[in-house]
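Peer 1: Shown below is the structure under consideration.
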Amino acid sequence: MTDLVLRAGLPDASIGGPVAEITPERAGWGYSGLLVHEIPAGGSLDLELTADEAVVVPLRGGLRLDVTDPGGQRHDLRLAGRAGVFAGPTDTAYLPVGSTVTLRPDDGASARVAVATARAGRVQPVQVLRADQATVDLRGAGRASRQVHNYTIGTGIEVDRILVCEVLTPGGNWSSYPPHKHDAHSDVPGHEERELEEIYYFEVADGPTGPGLAYHRVYGTPERPIDVFAEVRTGDTVLVPHGYHGPSAAAPGYDLYYLNVMAGPADDGTWLSVDDPAHHWVRDTWATETVDPRLPLGPASSTSPTTDLTEETA
């Protein structure tokens, strides 16, 4: 199923271009999408959100956004951005379905931006979440320690369907672990789950002699088989239409970043997942382990350690 692993585009920084470009039609599903684009110094990117809501996430550099919302009101937004994905959370912007936007680098240099999208019906307001308003969690413990930046999950941002977070994993650690899934709707106590399509966009820190690497796993059930075990590098994406996913394994020596984009038919803005029962026991071991002392990576003023999440496993 090689169509679930999409390799990075490599745009010339002087002219820009797409690094990753995923629509629901390309993915073969109904809701989630992602555009990662390099914008050159002095350049711009124009987008028309005819069917989608969007969350704009600067990956490198700051951005100016000229937004016209569905009611015709103009919004001039500035997102402070960051030096790179390992430098802590960033300012983000939520744009409702029906908006048009022009994005420009803010600091005279090039910028790399992720525009996470989801098919939407309800029109929400234009909203900005500043970096210090993002919820930052330290999840897991020991070699399963990772750092999560929440942008539309538990932050008060009003959305229709889109859920966006990013995860930093120190070299040698596993995240998205224990393996978990969210491909059915259930409100059964203890087994709550939401049907959510998911996109993983990866960046991997360089080593002293070249680019780093990581690995990602997706597997299914006898009733719904799926089988992905992929080496991933900066700019690669993995699509998760269903099945258990994890771990995302950071190779020793190379810190790992990924952006998660999720959406599905439910419109309650809730991320609920269930662990693979064979590996759920791993959570119990975290009570006797400490969080990796290398965390947090980058400034994270609102960091809170969390070691026993049964609903979220990023």
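The values are calculated or read from the model by the stated rules, or taken from the named source; none is laboratory data. Keep in mind that what you see is a predicted model, and the values were worked out from it rather than measured. So basically every Cβ, Gly included, is an ideal-geometry build from the backbone, and we count neighbours across all protein chains shown. Only protein heavy atoms, including side chains, enter the accessible area calculation; ligands, DNA and RNA are left aside. Shrake-Rupley method; radii C 1.70, N 1.55, O 1.52, S 1.80 Å.
Peer 1: Note down the accessible area of residue 194, probe 1.4 Å, to the nearest 10 Å².
Peer 2: Roll a 1.4 Å probe over it and residue 194 shows about 20 Å².
Peer 1: So between residue 104 and residue 64, what do we pick up on full extension, going 0.36 nm a residue minus the alpha carbon distance? Mind showing how you got there, number by number?
Peer 2: Details: separation 40, 0.36 × 40 = 14.40 nm, distance 0.52 nm.
Length gained, residue 104 through residue 64: 13.9 nm.
Peer 1: For 82, 217, 224, give the ranking by accessible area with the largest first, probe 1.4 Å. Intermediate values should be presented prior to the final figure.
Peer 2: On the way: 82 20, 217 70, 224 105 Å².
If we order 82, 217, 224 from most to least accessible, we get 224, 217, 82.
Peer 1: State whether segment 74-218 is rounded, prolate or oblate according to the following rule on the C-alpha gyration tensor (a ≥ b ≥ c being the square roots of its eigenvalues): a/c under 1.5 gives rounded; otherwise a/b larger than b/c gives prolate, and the remaining case gives oblate. Each step should come with its number before you reach the end.
Peer 2: Details: a/c = 1.95, a/b = 1.08, b/c = 1.81.
Oblate shape, in that a/c is at least 1.5 and b/c is the bigger or equal ratio.
Peer 1: Want the number for residue 206 to residue 123: 0.36 nm per residue separation, take away the alpha-carbon distance, what's left?
Peer 2: On the way: separation 83, 0.36 × 83 = 29.88 nm, distance 4.04 nm.
Fully extending the segment from residue 206 to residue 123 adds 25.8 nm.
Peer 1: Hey, what's the chain come to in accessible area per residue, 1.4 Å probe, Å²?
Peer 2: 40 Å²
Peer 1: Let me ask something else about it. Report Rg (one decimal) and Dmax (nearest whole number) for segment 110-155, counting Cα atoms only, units Å.
Peer 2: When restricted to the Cα atoms of segment 110-155, Rg and Dmax are 14.5, 42 Å.
Peer 1: Okay, next question. Would you grab the residues whose amide H sits under 5 Å from the one on residue 234? Only those 5+ places off in sequence or on another chain, please, with H modelled 1.01 Å from N.
Peer 2: Here the answer is 204, since their amide H atoms fall under 5 Å of that of residue 234.
Peer 1: Also: I'd like the FRET efficiency for residue 51 and residue 219, computed as 1/(1 + (r/R0)^6) with the beta carbon distance as r and R0 of 22 Å, rounded to 0.05.
Peer 2: Values: r = 32 Å, r/R0 = 1.43.
Using R0 = 22 Å, I get an efficiency of 0.10.
Peer 1: In µm²/s, what is D for segment 187-242 at 10 °C and 1.306 mPa s, where D = kT/(6 pi eta Rh) by Stokes-Einstein and Rh is the Kirkwood radius from Cα pairs? Could the numbers behind the result be given before it?
Peer 2: On the way: Rh = 13.6 Å.
In µm²/s, the coefficient rounds to 117.
Peer 1: For segment 178-314, what does the convex hull of the Cα positions come to per residue, in cubic angstrom? Don't jump to the answer; show the numbers that get you there.
Peer 2: Values: hull volume 19.1 nm³, N = 137.
Dividing the Cα hull volume of segment 178-314 by its residues yields 140 Å³.
Peer 1: Of 229, 202, 86, which has the most accessible area with a 1.4 Å probe, and how do the rest follow in descending order?
Peer 2: On the way: 229 145, 202 0, 86 60 Å².
Per-residue accessible area, sorted high to low, gives 229, 86, 202.
Peer 1: Please give the FRET efficiency for residue 41 paired with residue 87, using the beta carbon to beta carbon distance and R0 = 25 Å, rounded to the nearest 0.05.
Peer 2: 0.80
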